[in-house]
Each structure stands twice: as structure tokens, then as C-alpha cells.
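Peer 1: Here it is, the structure, as C-alpha cells.
Just so it is clear, none of the values below were taken in a lab; they were calculated from the coordinates. Here the structure is a predicted model, which means the values were calculated and not measured. Note that we place each Cβ from the backbone using ideal geometry, even for glycine, and neighbour counts take in every protein chain shown.
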Amino acid sequence: MNSKFLAKWMAVAGLLLGSFYAIGGLIIDLLTIGLNLGTAMAFGAIIVLPILFGVFGIILGSLLELLVITRNKIKGSINKK
């Protein structure tokens, strides 16, 4: 698993979660106080969450790749002895 793959899937997850959050916020606002600035901010989650999740996926994927490389180097040095 590389960081590009993880970033793409994390961005898709962010889009889904942002959509659920925006639709849920819209429904709650319509049933209680009506549309306001909070509703617009909830729809901003459709844009912000995929970006944040994608960046987090790149960072996490890079750290996982580094961990695997380090593990392979340690494992290879143990096998050489």
C-alpha cells in the first residue's frame, strides 16, 4: 500500500463523511431553527473534509512505507548474521 493509494481512498472517505455531515446538518436545521450560517458551514465540510483526509492519507501512507522499509532493513540484517 503506497501513500497515493491511501490518500485517494481517504479523500473518498472524507467526501462521503462530509456529505453525510452536510445533509444531516441541513435536515436538523430545517427541523429546528431554519437555514442559517451554520448550514453553509456544514456544506463547507464537503470541500474541507476530503482535503484534510487526503493530506492525512499522504502522511499516514508515507509513515507506513517508512515503517515497512525500516522493518525490512532490520529483518534483513538479522537474517545475514
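Peer 1: Using only Cα atoms, tell me the angle between helix 37-80 and the longest principal axis of the chain; keep it within 0 to 90° and round to the nearest 10.
Peer 2: 10 degrees
Peer 1: Same structure again: Given that just one value was derived from the coordinates, which of (i) 19.9, 71; (ii) 11.7, 35; (iii) 32.8, 103 is Rg and Dmax of the Cα atoms in Å?
Peer 2: Label of the calculated value: (i).
Peer 1: Rank by packing, highest mean first: peptides 50-58, 2-10, 35-43, with packing defined as the count of other Cβ atoms within 10 Å averaged across residues.
Peer 2: 50-58, 2-10, 35-43
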